[in-house]
Amino acid sequence: MDQNNLIVYLEFEDGRVADVSLELLTKGRVLASRLGVKLEAIVVGDNLDGVEEQVFPYGVDRLYKVSDKRLYPYTSNPHSAVLINLFREIKPQACLMGATCIGRDLGPRVSSCLHSGLTADCTSLEIGDHTDPKTGKEYKDLLLQIRPAFGGNIVATIVNPECRPQMATVREGVMKKEIFDPAHKGEIVELDAAKYVSDEDFVVEILDRHIEKSKINIKNSPIIVAGGYGVGSKENFQLLHELADTLGAEVGASRAAVDAGFTEHARQIGQTGVTVRPKLYIACGISGQIQHIAGMQDSSIIISINNDPAAPINTIADYVITGNLEEVVPKLIKYYKKN
Ligand code: FAD
């Protein structure tokens with residue numbers, strides 16, 4: 001097995017590779033070819049049939065499969081052990097994971113054990129050079145790990161010049177998933193789980209699982225009607241629901257609206273909420289602070305309804321309706337119901 005490639009940790013549940021993993025493979029493909037290395041992926045669990053068909057079209061050159069009944073569902077120690085022991089062997093130069101519950105648990109464990117460091121919650125990844133400002137030493141082709149910092153007031157680019165692997169978790173939805181070549185076939189390497197994880201690693205036994213599926217699906221909705229603090233009340237949010245129902249849309253919200261109790265946290269869009277890229281985003285009573293913009297700026301068309309013509313969101317909006325949303329939204333509902 002050759003070394004120093006770029007590897008993506010795949011999350012696999014109910015026979016499906018998670019969207020965030022496919023997003024990372026899409027980005028990983030680009031980064032790996034910039035580095036001139038292979039794109040690898042690792043999946044750990046049980047019943048891993050069919051993973052290859054799902055990931056090879058994304059350009060995976062090599063898929064490591066580590067299968068054992070006890071490796072599903074995910075628990076911290078065994079999955080960490082597999083990655084730590086495998087990475088000691090294959091020495092990846094970079095490893096990407098989703099900034100999901102699993103990635104946020106697994107990434108730091110692996111990186112601290114390998115003394116490699118990790119940048120959490122990246123919103124972008126690039127390859128670039130870096131000069132150490134203290135020593136003047138130059139580094140070529142590092143993974144530039146980009147994320148908001150200091151409460152979203154700056155965008156930081158973080159590099160890890162010396163330690164390997166360079167590790168990053170990336171938020172769901174911030175990168176596009178795009179098939180590289182439907183006919184692409186990579187190599188499958190079935191690893192013997194017993195070589196990478198020992199009985200002592202299985203310290204947790206899961207007796208039962210209850211999966212709560214949210215009915216709110218703003219991430220995949222093509223139209224979002226989002227409300228901010230300017231909506232004013234929980235009752236007024238019903239207006240937005242009515243407009244959303246008329247358009248076949250989902251309702252989103254700013255953090256200020258969520259904090260005020262106007263709507264549920266699952267609808268929050270932005271740096272500490274969900275990242276969305278719908279075809280149409282209607283922002284109602286949202287000022288457009290950087291932390292909100294971070295989660296919706298890639299929407300194809302943005303309409304802002306705001307009574308302040310100088311609201312910052314208007315600078316990124318394609319269309320601006322200046323007025324009170326209590327007057328504007330009912331008119332839109334009436335119009336779209338007729339048409
Ligand atoms: P406001 O800024 O209060 O804006 C309300 C807007 O409504 C104003 O533009 C006003 O002109 C307009 N308005 C008022 N009345 C009406 C009316 N009747 N009709 C029409 N317009 C009206 N925010 C997020 O959204 N998502 C995040 O994930 C997020 N994460 C954060 C993370 C950190 C670490 C921090 C520090 C902040 C975060 N925030 C986040 C908060 C963010 O900084 C803003 O406070 C928040 O986005 C403001 O929400 P808003 O635009 O709804 O409210």
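The values are calculated or read from the model by the stated rules, or taken from the named source; none is laboratory data. Everything numeric here is computed off the predicted structure, so don't read it as measured data. Positions of Cβ are generated from backbone atoms using ideal geometry, with glycine treated the same way; all protein chains shown enter the neighbour counts. Surface accessibility is based on the protein's heavy atoms, side chains included, excluding ligands, DNA and RNA. Shrake-Rupley method; radii C 1.70, N 1.55, O 1.52, S 1.80 Å.
Couple of notes before you dig in:
- What a 1.4 Å probe finds exposed on the range 43-149 is 49% carbon and sulfur by accessible area, rounded to a whole percent.
- Highest average packing first - 99-111, 54-66, 203-215, 234-246, Cβ atoms within 10 Å: 54-66, 99-111, 234-246, 203-215
- Dipole of the chain, positive direction: furthest Cα of Gly261, Val60, Val8, with charges on the beta-carbon: Gly261
- Overall form of the range 174-227 per C-alpha gyration tensor (a/c, 1.5; a/b vs b/c): oblate
- Kirkwood hydrodynamic radius (C-alpha pairs) into Stokes-Einstein, the range 137-261, 4 °C and 1.567 mPa s, D in µm²/s: 62
- Average Cα contact separation per residue, the range 1-81, under 8 Å, 6 or more apart, as relative contact order %: 31
- Distance (nanometres) between label positions extended 7 Å along Cα→Cβ at Gln3 and Lys177: 3.3
- Efficiency of FRET from Cβ geometry, Asp245 and His210, R₀ 30 Å, rounded to 0.05: 0.50
- The chain: C-alpha gyration tensor shape, a/c 1.5 cut-off, then a/b vs b/c: prolate
- Accessible surface ranking for Phe87, Phe202, Phe150, 1.4 angstrom probe, highest first: Phe150, Phe202, Phe87.
- Dipole check for the chain: with +1 at the C-beta of Lys and Arg, -1 at the C-beta of Asp and Glu, and the Cα centre as origin, the magnitude is about 780 Debye.
- Contact order normalised by residue count of the chain, Cα under 8 Å, 6+ apart, percent: 15
- Using the Cβ of Leu10 as centre and a radius below 12 Å, the other residues enclosed give a net charge of -4, where K and R count +1 and D and E count -1.
- Projecting the Cα atoms of Gly103, Ile127, Gly252 onto the charge dipole of the chain, computed from C-beta unit charges around the Cα centre, puts Gly252 farthest toward the positive end.
- For the range 277-316, projected area of the alpha-carbon convex hull averaged over all directions, nm²: 2.4
- Which listed pairs, of Lys27/Lys185; Lys27/Lys215; Lys27/Lys213; Lys213/Lys331, have C-alpha distances above 23 Å, in listed order: Lys27/Lys215; Lys27/Lys213; Lys213/Lys331
- Protein heavy-atom accessible surface, 1.4 Å probe, per residue over the range 8-163: 41 Å².
- Accessible area of the range 156-288 belonging to carbon and sulfur atoms, whole % at 1.4 Å probe: 50
- Computed about its Cα centre, the charge dipole of the range 1-127 is approximately 400 debye, with only Lys, Arg, Asp and Glu carrying charge at their Cβ.
- Here the mean projected area of the convex hull built on the C-alpha positions of the range 1-146 is 8.7 nm².
- Only aspartates and glutamates eight or more places from Lys195 in sequence, or on another chain, were considered; those with a Cα closer than 18 Å are Asp46, Asp68, Glu89.
- Per residue, in Å², the accessible surface of the range 172-227 once ligands and nucleic acids are set aside, probe 1.4 Å: 75
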